[in-house]
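Down below is the structure, laid out as structure tokens.
The values are calculated or read from the model by the stated rules, or taken from the named source; none is laboratory data. This one's a predicted model, so the numbers in the text were calculated from it and none came from an experiment. Here the Cβ is made from the backbone with ideal geometry for all residues, glycine too, and neighbour counts use every protein chain on show.
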Amino acid sequence: MKSLTEPTALAALVAANTTTPTRRSMMTASRYAPAGPAHWPVFYGTLDKFPNTTPIPAPPYYQQLATAFAARTTQAMADGAAKPALDGLQGDLEAIVSSTT
């Protein structure tokens, strides 16, 4: 675990700024200059401004949402038709949410 949290290992994992690094020391203007996002300091700035901030738990049906999203993304990529996949995803999401409320 220690080697995975070293800056060099984390830099490889988040090389394209696909997520916020867990190490504050990696949140630098030079790191975000090539690809953004434009408002990169917001995450840690929010934690500084509101020190009692805590993670928001995922909804209990998160796994169902993730599965539907993955299936419909695969469908859209496989046949190149985004509209039917998005329409199907809309139905999937409505069914998931209505079955859990």
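Sub-9 Å Cβ pairs linking a first residue in segment 78-100 that is in the same structural domain as Thr67 (by TED's automatic domain parsing) to a second residue that is of a type in the set (Val, Ile, Thr) and in a helix (DSSP H, G or I), at least 6 apart or interchain, are Ala85/Thr73; Ala85/Thr74; Leu89/Thr73; Asp92/Thr67, ordered by first then second residue. On the given criteria, is Val14 surrounded by 14 or more Cβ atoms within 10 Å (Cβ to Cβ), at pLDDT below 95 and either among the β-branched types (Val, Ile, Thr) or touching an Asp or Glu at 6+ places or on another chain (Cβ under 9 Å) (or both)? Yes.
Quick grid of which residues meet (1) of a type in the set (S, T, N, Q); (2) loosely packed, with under 10 Cβ neighbours inside 10 Å:
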site	(1), (2)
Thr5	yes, no
Thr8	yes, yes
Met26	no, no
Arg31	no, no
Ala35	no, no
His39	no, yes
Gly45	no, no
Asn52	yes, yes
Pro57	no, yes
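In summary, Thr8 fulfils each of the numbered conditions (1) outside the structural domain of Ile96 (by TED's automatic domain parsing); (2) under 19 Å from the mean Cα position of the chain (by Cα) with the single exception of condition (2). Only one of the listed residues (Pro21, Pro37, Pro55, Pro51) is part of a loop (DSSP other than H, G, I, E, B) and in contact (Cβ under 8 Å) with a residue 12 or more places away in the chain. That residue is Pro37.
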